[in-house]
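Any read-out appearing in this document is the output of simple, stated calculations on the displayed coordinates, not a laboratory observation. All values derive from a computational prediction rather than experimental measurement. Neighbour counts run over all protein chains shown; Cβ positions are idealised from the backbone, glycine included.
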Amino acid sequence: MSIQLPRAMVIITADDYGKTVHATDSILKCFAHQRITSASAMVFMEDSERAAILASQTKLEVGLHLNFTLLFNAGSVSPQIMSYQKKIVSYLTGNKLAQVIYNPLLADSFNYLFLSQQEEFIRLYGRQPAFYNGHHHMHLCANMLVGKILPEGECVRRTFTFDKGEKNIFNRFYRYILDSFIRKRFSSTDSFFSILPLQNQKRLQDILNLSTFSDVEIEVHPENLEEIEFLLSDHFNQLITSIYSGNFQQIKKGENAPL
């Protein structure tokens, strides 16, 4: 009996679900037209509650978009959570090197803020996040990884993938260390790209071609006019028609059933 191996795929993830009404509606529109496969949701934001209700009416895969850099603006956030978040936002946005340096004085604050966001996601969606990533990619900051805060074995977004020569040696080495850590503790894709710049069509075609033999995630932000127009275009539809689209739970479970 032959064994069918998991199929390589592309996952197109829309970030910032629930951040604003516009962001939520733009993402749902793209999903309705089958231009994205997953969305990462922000909690404690102005449209988080409505976004969760709308997502429950679809089959959209939703993960947690951890937020350590943008102040929560929902009306029901507790003063304690706001206090922890302001402290971390100030730290991470105040110095470019803060994300690569472990700060033991903020260990409890990061853990508390992560658990608060995870618990709020579960309250809103009635389930665990399908995957984890972060606003401005701060889910991979030193305090999160060294502190081993993210649940081991879960699906976690890796760092951006670049070709040789695109970044300096230090940057590439740093990303190599992070991705090695991710591969050891979590499930993830083989590569990760932003859909931008949209003008470089050869780059996008090359990225999609990768998904024929490896798992690729593409990050999009449909709240941006340029991006949603491209995502809903006939041209983008033609590009992805022959590409196998999947989701993070397939990676975690090793499944290969099409969506």
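Suppose every K and R has +1 on its Cβ and every D and E has -1 on its Cβ; what is the size of the dipole of the range 103-243 about the Cα centre, in Debye to the nearest 20?
Details: 14 positive and 18 negative charges, 129 e Å.
In total the dipole reaches around 620 debye.
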Sorted from largest down, give the three principal axis spans of the alpha carbons of the range 10-253, whole angstrom values.
49, 44, 33
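What ranking of Val21, Val220, Val43 emerges when the number of other C-beta atoms within 10 Å of each C-beta is taken as an exposure proxy, fewest first? Don't jump to the answer; show the numbers that get you there.
Working: Val21 13, Val220 24, Val43 27.
With the fewest neighbours first, Val21, Val220, Val43 line up as Val21, Val220, Val43.
Is it possible to state the helix-based mean residue ellipticity at 222 nm for the chain, with each DSSP H run of 4+ residues giving -39500 (n - 2.57), the sum divided by total residues, to the nearest 500 deg cm²/dmol? What is it? Can you show the working numbers first?
Values: 10 runs with 108 residues, N = 259.
Result for the chain: -12500 deg cm²/dmol, rounded to the nearest 500.
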About the Cα centre, and with charges only on the beta carbon of Lys, Arg (+1) and Asp, Glu (-1), how big is the dipole of the chain? Nearest 20 debye, please.
740 debye
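Wrap a convex hull around the Cα atoms of the range 121-259, take a quarter of its surface area, and give that in square nanometres.
Working: hull surface 39.8 nm².
Mean projected area for the range 121-259: 9.9 nm², to one decimal.
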May I have the pair-distance distribution P(r) for the range 100-191, computed from all Cα-Cα distances with 10 Å bins from 0 and rounded to whole percent?
15, 46, 30, 8, 1
Using alpha-carbon positions, what is the distance between the centroids of the range 180-201 and the range 98-126, in Å?
23 Å
Would you mind pulling out the separation of the Cα centroids of the range 18-53 and the range 133-178, in Å?
24 Å
Diffing the range 166-174: the Karplus 3J(HN,Hα) column from phi (6.51, -1.76, 1.60, θ = phi - 60°), in whole Hz with x for Gly and Pro, holds 6, 10, 6, 4, 4, 4, 5, 5, 4
For the range 105-119, 3J(HN,Hα) per residue [Karplus equation, 6.51 cos²θ - 1.76 cosθ + 1.60, θ = phi - 60°, Hz, x = Gly/Pro]:
5, 10, 4, 5, 5, 5, 5, 5, 5, 4, 4, 4, 5, 5, 5
Sequence gap at least 6, Cα distance under 8 Å: using those rules, report the relative contact order of the chain to the nearest whole percent.
26 percent
Principal axes first, then extents: for the Cα atoms of the range 1-63, list largest minus smallest coordinate on each axis, whole Å, largest first.
53, 22, 19
Simple spin-label model, 7 Å along Cα-to-Cβ: Asn209 to Lys59 in nm?
3.1 nm
So which lysines pass the test for Lys86, namely a Cα distance under 20 Å, with those fewer than 8 places away in the same chain ruled out?
Lys19, Lys96
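For a footprinting-style exposure proxy, rank Asp25, Asp47 by other Cβ within 10 Å, fewest first.
Asp25, Asp47
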Given Cβ charges of +1 for Lys and Arg and -1 for Asp and Glu, the option among Ser109, Cys30, Gly147 whose Cα lies farthest towards the positive end of the dipole of the range 10-253 is Gly147
